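Enquirer: Have a look at this one.
The values are calculated or read from the model by the stated rules, or taken from the named source; none is laboratory data. This structure is a prediction, so every number in the text was calculated from the model and none was measured. With ideal geometry, Cβ positions are generated from the backbone for all residues, glycine too; neighbour counts draw on all protein chains shown. Keep in mind that these areas ignore ligands, DNA and RNA; they rest on the heavy atoms of the full protein, side chains included. Shrake-Rupley method; radii C 1.70, N 1.55, O 1.52, S 1.80 Å.
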Amino acid sequence: MLRRAVLLGKEASRDFVRDLNRAYWILIKIMVPALLIVKFLEEAGFTSWLGAVLQPLMQTIGLPDELGLVWAAAMLTNIYTALVVFYELGGDQTYTVAEMSLLGTLILLSHALPVEGAVARMMGVPWWLTLLLRVAGAYLLAFLVYQIYRQSGSGEALAELLWRPVARDPGWLPWLAEQAELLVSIYLILAALMCLLRSLRWLGIERLLQALLLPITRLLQVDRNAAQVTIIGLLLGLSFGAGLLVDESRKGHIAKRDMRVVVCFLGLCHSLIEDTLLILLLGSELWVILGMRLLFALVVMAVLARILFRRSADTLRSSA
């Protein structure tokens, strides 16, 4: 009996390591090329060019022109880099709570597009749809929130900036060291998350989580099997959770149509804990960057699930 238990334990460990390495390798193949492309674009001055293109949009939602560069940095890289750019540009200036909430909305809905767009692409969501949803969606939600602030006259208090990130060395060697550190940390995070998910499944808690997410899955018209993928994205996001998300999509447990709906939903609303806390440090309001973001994602995807992703069709109307 003991020998059998030991053999089963070894087999389970081998299966775990195999699944972990497979998920991690998927993530590496997505992230490394995307990170290199983004670095080359930054070196070529693309971020500054994109920031200049975005400046006219800033005025329509009551934000200073220079914050267009912050939004551009978020689109191409990640939230942390966008915060560094923000403090380099205007860390000594004063902004209102409304301005920081609007900037936070733009950053949260449309950041890390090269990496997260590649993840979505591997799961059947074309680039044009990712960019349309996340960039146009970010601007639309910010415009709606701006109108709420404008009509109510709220959000005029000065925002309290609670954190100042350390400026990064722009050189290639520090950048490579930083990316290597990131990839190692992602492996550890993946291992911990896979342990957690298997424990939840073994304890039967996974069914409870599926039940808690039932209102969302019903609204999006997806099967309960999509609940685990949704949880991964909501907690980890599309970058850190990429390996697990793509791995789940390849196992075939979730219909292709359902996977596309969930991935589009997660594009608009993911990493609810970490990303939200980072933007809160700017002095943003929680009802905007969490409440409005979640509501907007649910409404948009409830509509698209019934128009673009009809249950009768297993593929998008437009090919990827």
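Table: residues versus (1) in a helix (DSSP H, G or I); (2) among the aliphatic types (A, V, I, L, M); (3) within 10 Å of the chain's Cα centre (by Cα).
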site	(1), (2), (3)
82	yes, yes, no
85	yes, yes, no
101	yes, no, no
114	yes, no, no
117	yes, no, yes
120	yes, yes, no
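Rundown of residues vs (1) surrounded by 20 or more Cβ atoms within 10 Å (Cβ to Cβ); (2) over 21 Å from residue 37 (Cα atoms), yes/no style:
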position: 98; (1), (2): yes, yes
position: 101; (1), (2): yes, yes
position: 104; (1), (2): yes, yes
position: 124; (1), (2): no, yes
position: 175; (1), (2): no, no
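Enquirer: Right, something else. List pairs: first in segment 122-134 and at positive phi, second charged (D, E, K, R), Cβ under 6 Å, 6+ apart or cross-chain?
Expert: Note: pairs meeting the criteria are 124/256; 124/260.
Enquirer: Checking residue 294 against (1) closer than 30 Å to residue 67 by Cα; (2) without any contact (Cβ under 8 Å) to a residue 12 or more places away in the chain: exactly one of these is not met. Which one?
Expert: Going through (1) closer than 30 Å to residue 67 by Cα; (2) without any contact (Cβ under 8 Å) to a residue 12 or more places away in the chain one by one, residue 294 breaks only (2).
Enquirer: Residue by residue through segment 151-163, note down the ones that are within 26 Å of residue 83 (Cβ to Cβ) and open to solvent by 70 Å² or more (accessible area, probe 1.4 Å).
Expert: Scanning segment 151-163 gives 156, 158, 160, 162, 163.
Enquirer: Which ones in segment 55-78 are assigned to a helix (DSSP H, G or I) and open to solvent by 10 Å² or more (accessible area, probe 1.4 Å)?
Expert: Hits for segment 55-78 are 55, 56, 57, 59, 60, 69, 75, 76.
Enquirer: Residues to consider are 97, 84; find the one that is touching a residue at least 60 places away in the same chain (Cβ under 8 Å) and in contact with an Asp or Glu (Cβ under 8 Å, 6 or more places away or on another chain).
Expert: Unique residue meeting the criteria: 97.
Enquirer: Which one is farthest from residue 257 (Cα to Cα) among residues in segment 270-313 that are open to solvent by 60 Å² or more (accessible area, probe 1.4 Å) and among the β-branched types (Val, Ile, Thr)?
Expert: 273
Enquirer: Continuing with this model, one more query. Can you find even one residue in segment 222-241 that is out of contact with any Gly (no Cβ under 9 Å at 6 or more places or on another chain), small (Gly, Ala, Ser), free of Cβ contacts under 8 Å to residues at least 24 places away in the same chain and outside any helix (DSSP H, G or I)?
Expert: So far as segment 222-241 goes, no, none of its residues is out of contact with any Gly (no Cβ under 9 Å at 6 or more places or on another chain), small (Gly, Ala, Ser), free of Cβ contacts under 8 Å to residues at least 24 places away in the same chain and outside any helix (DSSP H, G or I).
Enquirer: Against the definition (open to solvent by 50 Å² or more (accessible area, probe 1.4 Å), in a helix (DSSP H, G or I) and touching a residue at least 24 places away in the same chain (Cβ under 8 Å)), how does residue 139 come out, yes or no?
Expert: Judged against the criteria, residue 139 is a match.
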